[in-house]
1. Hey, can you tell me all the residues within segment 1-54 that are part of a loop (DSSP other than H, G, I, E, B), open to solvent by less than 60 Å² (accessible area, probe 1.4 Å) and β-branched (Val, Ile, Thr)?
2. Would you please name the residue that is farthest from Arg5 (Cα to Cα), looking only at residues in segment 20-54 that are of a type in the set (Gly, Ala, Ser) and within 13 Å of the chain's Cα centre (by Cα)?
3. Which residues, counting only those in segment 55-68, are over 10 Å from the mean Cα position of the chain (by Cα) and surrounded by fewer than 18 Cβ atoms within 10 Å (Cβ to Cβ)?
Amino acid sequence: MVVLRREIGDVLRDARQRQGRTLREVSSAARVSLGYLSEVERGQKEASSELLNSICEALDVPMSLVLREVSDRVAVAEGLLIPDTVPADLAASVAGASDFGWARSRSELAAIG
């Protein structure tokens, strides 16, 4: 069974470790106790959306990318095939959003893992 809090914790820990940062550094930047951040990373505590946002900001990683990575992990656990390209209809809808400054090029987004 997939436990969402564990997947979120794994993704956050992977991002922090790739940056070579300590729990103490990230907990201070996110304004959350070191113990609580540790529990979130180990999947023992559920992070609220506000807390998740603070941690993502402290890691300088967009929350959307964290959630995307979690979603991909859940899909794999469920045995679903994850496409590695953007569907044409989605690409077209995002292209129209660029007039409003919402769309970002793929090169502007940093991969999580």
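The values are calculated or read from the model by the stated rules, or taken from the named source; none is laboratory data. Nothing here was measured: the structure is a model prediction, and the numbers come from that model. Methodologically, a virtual Cβ is constructed for each residue, glycine included, from the backbone with ideal geometry; neighbour enumeration extends over all protein chains shown. Each accessible area value is taken on the protein alone, full model and side chains, heavy atoms only, with ligands, DNA and RNA left out. Shrake-Rupley method; radii C 1.70, N 1.55, O 1.52, S 1.80 Å.
1. Val2, Val3, Val32
2. So in segment 20-54, the residues of a type in the set (Gly, Ala, Ser) come out as 20, 27-30, 33, 35, 38, 43, 47-49, 54.
Then keep just the ones that are within 13 Å of the chain's Cα centre (by Cα); that gives 47, 49, 54.
Values: Ala47: 7, Ser49: 12, Ser54: 16 Å.
Among those that are of a type in the set (Gly, Ala, Ser) and within 13 Å of the chain's Cα centre (by Cα), it is Ser54.
3. Glu57, Asp60
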